[in-house]
1. Would you check if Ile115 is open to solvent by less than 70 Å² (accessible area, probe 1.4 Å) and either at pLDDT below 95 or in a loop (DSSP other than H, G, I, E, B) (or both)?
2. Among the residues of segment 55-103 satisfying the criterion of being of a type in the set (S, T, N, Q) and within 17 Å of Leu121 (Cβ to Cβ), which is most open to solvent (accessible area, probe 1.4 Å)?
3. The conditions are (1) in contact (Cβ under 8 Å) with a residue 60 or more places away in the chain; (2) open to solvent by 60 Å² or more (accessible area, probe 1.4 Å); (3) under 26 Å from Val215 (Cα atoms), and Pro166 fails exactly one of them. Which is it?
4. If I filter segment 16-54 down to residues being of a type outside the set (A, V, I, L, M, F, W, C) and open to solvent by 90 Å² or more (accessible area, probe 1.4 Å), which single residue comes out as modelled with the lowest pLDDT?
5. Name the residue, out of Phe171, Phe129, that is at pLDDT 95 or above, open to solvent by less than 20 Å² (accessible area, probe 1.4 Å) and more than 17 Å from the chain's Cα centre (by Cα).
6. Taking segment 86-108, which residues are over 30 Å from Ile233 (Cβ atoms) and either touching a His at 6+ places or on another chain (Cβ under 8 Å) or in contact (Cβ under 8 Å) with a residue 24 or more places away in the chain (or both)?
Amino acid sequence: MSRRGRIGRAPPAGRGRGFVLLACLALLVALSGGPAAAAERLVTSLSTHRVLINSVFTGAEVVLFGAVERDAGEAPRRAGYDVIATVTGPRQTLKTLRKDRMLGIWINVDSRTFIDVPAYLAILGTRPFDQVMPEERLRRLQIGLGNVVLPQQIGPDIADVVRDDPFRQAFLRLKTERRLYVEDPTAVTLLSPTLFQASIPVPAEAPVGIYEVDVKLFADGALVTRSTSAFEITKVGFERFVATAAVDHGLVYGIVTAMMALVTGWLASIVFRRD
């Protein structure tokens, strides 16, 4: 049957009544929930979507800009807005070791493997998180380093542990000291009731990959809307060539590296040779 024939055909009576019911339901949903859901929209942008790493890279900052758009005629919220931005880097699996002194020397006595955790994590806000919402909601939304889920290999199982677990605390401490995990509840600055900005610190040790930026907008402790974007950290120049060669041509890279070490040692023996 042709397309025109299908369009021109009148539906049966039962199907027609079904269409009427669906239209009424859609109208009721639009009248009851449509405007409230679309009352605010969050528009965000980044100062750059690509951070380039070379031999002299010592860190950088990516600036997050945002604006809250309200529907025409919508009354502004009296309590204002809160913004919490979470920046998540590429995932990785890491092992932490616990050392202890035995017979006068320090040796590894225990270990724990963290499975598929963020290599970089930054949680930024407009004010202390516990002033935005209760602790229970913070845990549910994983806001704050203490509430982030960090799966660990514990025997045959993979699960998160209690917040005061020694391995978890040591993992967070080491990541924080290297500036790879950041929690700053006042890093987001409200330029006006609907405009904000924040600086995302990128340390020199930041791994290459895609960094996801999840921005949540809160009002009166409730999540109003959210916006997502991303930027990439990549190597350029000779560093990129070496990294690509090591990954794509591992055998050749190893042979060339070993030969360079031998030649360097031979030249050093000639230069510093004593007659």
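1. Numbers: open to solvent by less than 70 Å² (accessible area, probe 1.4 Å): yes; either at pLDDT below 95 or in a loop (DSSP other than H, G, I, E, B) (or both): yes.
Yes; evaluated as a whole, the condition is true for this residue.
2. Narrowing segment 55-103 to residues of a type in the set (S, T, N, Q): 55, 58, 86, 88, 92-93, 96.
Applying the additional criterion that residues be within 17 Å of Leu121 (Cβ to Cβ) yields 86, 88, 92-93, 96.
Details: Thr86: 21, Thr88: 28, Gln92: 57, Thr93: 84, Thr96: 18 Å².
Only one residue tops the list, namely Thr93.
3. (3) is the only condition that Pro166 fails.
4. Of all residues in segment 16-54, those of a type outside the set (A, V, I, L, M, F, W, C) come to 16-18, 32-35, 40-41, 44-45, 47-50, 54.
Narrowing the set further to residues that are open to solvent by 90 Å² or more (accessible area, probe 1.4 Å) leaves 17, 32, 41, 49-50.
Details: Arg17: 49, Ser32: 41, Arg41: 90, His49: 95, Arg50: 94.
Filtering segment 16-54 for residues that are of a type outside the set (A, V, I, L, M, F, W, C) and open to solvent by 90 Å² or more (accessible area, probe 1.4 Å), the one modelled with the lowest pLDDT comes out as Ser32.
5. Working: Phe171 fails: at pLDDT 95 or above.
The conditions single out Phe129.
6. Pass one, segment 86-108, residues over 30 Å from Ile233 (Cβ atoms): 98-108.
Within segment 86-108, just Arg98 meets the criteria.
The values are calculated or read from the model by the stated rules, or taken from the named source; none is laboratory data. Quick caveat, the model's predicted, so the values are computed rather than measured. Reconstructed Cβ throughout: ideal geometry from the backbone, glycine too, with neighbour counts over all protein chains shown. With ligands, DNA and RNA removed, areas are computed over all heavy atoms of the protein, side chains included. Shrake-Rupley method; radii C 1.70, N 1.55, O 1.52, S 1.80 Å.
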